[in-house]
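Everything on this sheet refers to the single structure shown next.
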């Protein structure tokens, strides 16, 4: 836990909205030194999810570490498990589907190739540091 006031709220079970979950995931990715974190609000744009969180790990090892940290924290603190995980073995592009939030963790090469930001560029979004 980071010890922030938001962390204390999560401990009390406050991370129930899709927006709060997206923020939490972005915070966890940041804690693992993910680069170029973007959160896209897809509510009203697509029907299959509310939020995309896109971030980069410098290597396959780091993308795996970011995945592992998100998975462990959400599972341990809220009992949340992704409905589906793709790309974990290769770790160039790991997709974690939490229904209301879909997490994309990519190496810089994969991110440059797939250019998700351009695909969803019209969606409201913000960068996370």
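Assorted remarks:
- In terms of overall dimensions, region 90-129 has a Cα radius of gyration and Dmax of 11.0, 30 angstrom.
- Neighbour-count order for 129, 86, fewest beta carbons within 10 angstrom listed first: 129, 86
- Estimated purely from DSSP H runs of n ≥ 4, each contributing -39500 (n - 2.57), the mean residue ellipticity at 222 nm for the chain is -11500 deg cm²/dmol once divided by its residues.
- Springs between Cα atoms under 10 Å define the GNM used for the chain, and in it the highest mean-square fluctuation of 106, 116, 21 occurs at 116.
- Cα-based Rg and Dmax for the chain, where Dmax is the largest Cα-Cα distance (Å): 13.6, 40
- Rounded to 5, percent antiparallel among DSSP beta bridges of region 5-128: 75 percent
- Taking the centroid of alpha carbons for each part, region 100-123 and region 35-77 are 10 Å apart.
- Taking every C-alpha pair closer than 8 Å and separated by at least 6 residues, the mean separation divided by the residue count of the chain gives a relative contact order of 27 percent.
- Label zone at residue 109, where the point sits 7 Å out along the Cα-to-Cβ direction: region 43-85 residues whose backbone N lies under 11 Å: 59-60
- Sorted by Cβ density within 10 Å, fewest first, the residues 30, 17: 17, 30
Bear in mind that the values in this text are calculations on the coordinates, not laboratory data. Keep in mind that this is a model prediction, so the values were computed, not measured. Cβ atoms come from the backbone with ideal geometry, glycine included; neighbour counts cover every protein chain shown.
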